[in-house]
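Enquirer: This is the structure, below, for whatever I ask next.
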Amino acid sequence: PGPNEADQAESSVRLAQTEATQPALFAIEYALARLWMSWGILPTAMIGHSIGEYVAACLADVFSLEDALRLVAMRGGLLQQMDAGAMLAVMLPEAKIKAYLNANCDLAAVNGPELCVLSGSLTAIEAVEGTLKDKDIASRRLHVSHAFHSASIEPMMSSFLYMLRTMVPRQSKIHFPSNLSGNCKRP
């Protein structure tokens, strides 16, 4: 027999917690990539965003699986301690989205020519969401608990960077571009 409704509800609540979501997402992405690789589908290049970039680094042998898991688990735990926040996908180009940014709302990602993601406090995102709705600009709230990829993560950065500095990255065996610089990590 499968899980009952109470177990499913408890699992859903747990997986909504960043400290569980991020390692789970890493594990699923890594396992799926390894499955494809076991079938002989080998990448010559990879790209990943956020947790996906850690998966790409691990698959490219920049970090061991153990180091990548420790890093992702620590990242999830540190992010879990942040104040709650929200993210909003908006159908606007980067040049036009800048009018909606302020001290509590940052540009988190530019995902396409006319698709950006904002990240910030709950009140800031709600206010932007209302303004966009009034102007008939399409937007969609992301299912996240915190303002990822925003200035609100600054307090956790020193702890995260300290752990990162304890790891010795290896030469990449598969190309993958950095989300930060755009430079390609080459074998």
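Read-outs: derived from the displayed coordinates by stated rules, not from any lab. Keep in mind it's a predicted model, so treat the numbers as computed, not measured. FYI the Cβ positions are ideal-geometry reconstructions off the backbone, even for glycines, and counts take in every protein chain you see.
Enquirer: Apply 1/(1 + (r/R0)^6) to the Cβ-Cβ distance of residue 91 and residue 157, taking R0 = 41 Å, and write down the FRET efficiency to the nearest 0.05.
Expert: 0.85
Enquirer: Further question: For region 101-154, state which trypsin sites (Lys or Arg not before Pro) are in a DSSP loop and have at most 11 other beta carbons lying within 10 Å of their beta carbon.
Expert: 135
Enquirer: Next up: For a test of the definition: using alpha carbon positions, the gyration tensor, and the 1.5 limit on a/c, classify region 106-164 as rounded, prolate or oblate.
Expert: It comes out prolate by the Cα gyration axes.
Enquirer: Given labels modelled 7 Å from the Cα in the Cβ direction, how far is it in nm from residue 13 to residue 36?
Expert: Distance between the two pseudo-spin positions: 3.6 nm.
Enquirer: In the chain, how many lysine pairs have Cα atoms under 28 Å apart, counting only pairs 8 or more places apart or on different chains?
Expert: 5
Enquirer: Once you order the gyration tensor axes a ≥ b ≥ c over the Cα atoms, which shape class does the chain get: rounded for a/c under 1.5, otherwise prolate or oblate by comparing a/b with b/c? Please report the intermediate quantities before stating the final value.
Expert: Numbers: a/c = 1.65, a/b = 1.34, b/c = 1.23.
It comes out prolate by the Cα gyration axes.
Enquirer: If you filter region 1-55 for chymotrypsin sites (Phe, Trp or Tyr not before Pro), then keep DSSP loop positions with at most 11 other Cβ within 10 Å, what is left?
Expert: 39
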